[in-house]
Amino acid sequence: MPELPEVEVCRKGISPHVLNQTVSDVIVRNAKMRWPITPNIDEMCGEIIIEVSRRAKYLLLKTAKGTLVLHLGMSGTIRVIPKDTIVAKHDHFDLVLTSGVALRLNDPRRFGAVLWLTEDVSEHPLLARLGPEPLLDEFDKGYLFKKSRKKTVPIKTFIMNNHVVVGVGNIYANEALFQAGILPTAPAGKISQKRYNNLTEIIKQVLAKAINQGGTTLKDFTQTDGRPGYFAQSLQVYGRGGEKCLICETRLEEIRQSGRASVFCPTCQKN
DNA sequence: ATAGCAACCTGAGGGC
DNA sequence: TGCCCTCAGGTTGCTA
């Protein structure tokens with residue numbers, strides 16, 4: 001389910017329920033995720049969660065002793081529930097709090113991750129080399145232009161690369177490039193400063209709007225309280241291959257780039 | 001260094 | 001009904 005907006009919606013949803021709460025128990029029903037769930041995760045019991053933050057698509061629950069790192073992969077969801085709620089298929093992990101509430105991770109495909117790290121999280125190999133956060137000022141107008149010089153990779157592959165900028169997944173990459181009028185196949189190194197300025201602004205806008213609307217609900221994504229996100233109705237190209245462009249009525253084309261579907265309008269978008 | 005893509009999984013949907 | 005194929009929000013870590 002998750003691109004950056006969905007993870008941020010999740011962070012906001014769980015935060016009031018877990019911040020300053022004490023962990024009473026951790027329940028691992030299936031440790032086989034992207035990597036095995038950290039065996040020493042029960043060290044978390046008795047700890048107080050002092051910060052609920054996000055870096056890229058990683059959720060970070062910080063305590064005095066260490067940080068719980070959660071990633072939702074392709075199909076993960078986190079619900080806030082009474083701790084005795086009946087367990088469903090693919091409910092792999094619970095973080096139980098003394099308040100009687102639990103965070104429950106459900107992830108059919110198990111591409112997600114649950115890691116208890118006692119070292120400095122920002123130094124961890126998974127997080128150390130990530131690019132800037134797209135919604136912060138560090139992702140500024142000059143950044144993409146400078147970073148892309150001499151790069152031949154297609155622009156869509158470029159903006160989806162975590163080492164370039166984090167959090168831009170397949171849905172929002174398609175949407176942002178459509179709105180910026182740039183073909184997803186355009187070589188990153190050939191795009192002008194001016195168009196990068198525009199693209200940067202659009203990426204920020206698209207992500208911010210999606211967060212405000214509670215994310216995009218496709219198959220199984222819901223907010224932590226079970227409500228759907230409403231950004232799906234704002235999608236202009238994602239999932240619309242073969243349908244008409246909402247601007248010019250040209251038929252939208254669909255291709256595959258690096259194994260991912262790219263949808264674009266051959267009229268509105270240029271190299 | 002960089003590009004392409006297999007791999008990790010389950011489930012849904014389409015064609016036959 | 002069943003089988004086989006393709007596809008899906010991500011990302012690491014191979015192989016060239």
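Modelled with pLDDT of 95 or more and either away from DNA strand B (no atom under 16 Å from the Cβ) or crowded, with 21+ Cβ neighbours inside 10 Å (or both): does that describe A:LYS141? Step through it out loud before you land on a result.
Values: modelled with pLDDT of 95 or more: no; either away from DNA strand B (no atom under 16 Å from the Cβ) or crowded, with 21+ Cβ neighbours inside 10 Å (or both): yes.
No, not satisfied.
So for the range A:20-28 (the condition being within 23 Å of the chain's Cα centre (by Cα) and not acidic (Asp, Glu)), does at least one residue qualify? So far as the range A:20-28 goes, no, none of its residues is within 23 Å of the chain's Cα centre (by Cα) and not acidic (Asp, Glu).
Can you pull out the residues in the range A:161-171 that are over 11 Å from the mean Cα position of the chain (by Cα) and either of a type in the set (A, V, I, L, M, F, W, C) or open to solvent by less than 10 Å² (accessible area, probe 1.4 Å) (or both)? Within the range A:161-171, A:VAL164, A:VAL165 meet the criteria.
Considering the conditions (1) within 16 Å of DNA strand B (Cβ to nearest atom); (2) not in a loop (DSSP other than H, G, I, E, B), A:VAL87 is excluded by exactly one of them, (2). Given the structure, is A:GLU138 closer than 30 Å to A:ILE27 by Cβ and free of Cβ contacts under 8 Å to residues at least 24 places away in the same chain? Considered against the rule, which asks whether it is closer than 30 Å to A:ILE27 by Cβ and free of Cβ contacts under 8 Å to residues at least 24 places away in the same chain, A:GLU138 comes out as no.
Here the condition is being surrounded by 15 or more Cβ atoms within 10 Å (Cβ to Cβ), away from DNA strand B (no atom under 14 Å from the Cβ), under 19 Å from A:VAL7 (Cα atoms) and not small (Gly, Ala, Ser); of A:LEU136, A:LEU103, A:LEU72, it holds for A:LEU103 alone. The single condition from (1) modelled with pLDDT of 95 or more; (2) not in a helix (DSSP H, G or I) that A:GLN236 fails is (1).
The values are calculated or read from the model by the stated rules, or taken from the named source; none is laboratory data. Values in this document were obtained by computation on a predicted structure and should not be read as measured data. Quick reminder, even Gly has a Cβ in these numbers, built from the backbone with ideal geometry, and neighbours come from all protein chains shown. Protein only, heavy atoms only, side chains kept; ligands, DNA and RNA dropped before computing areas. Shrake-Rupley method; radii C 1.70, N 1.55, O 1.52, S 1.80 Å.
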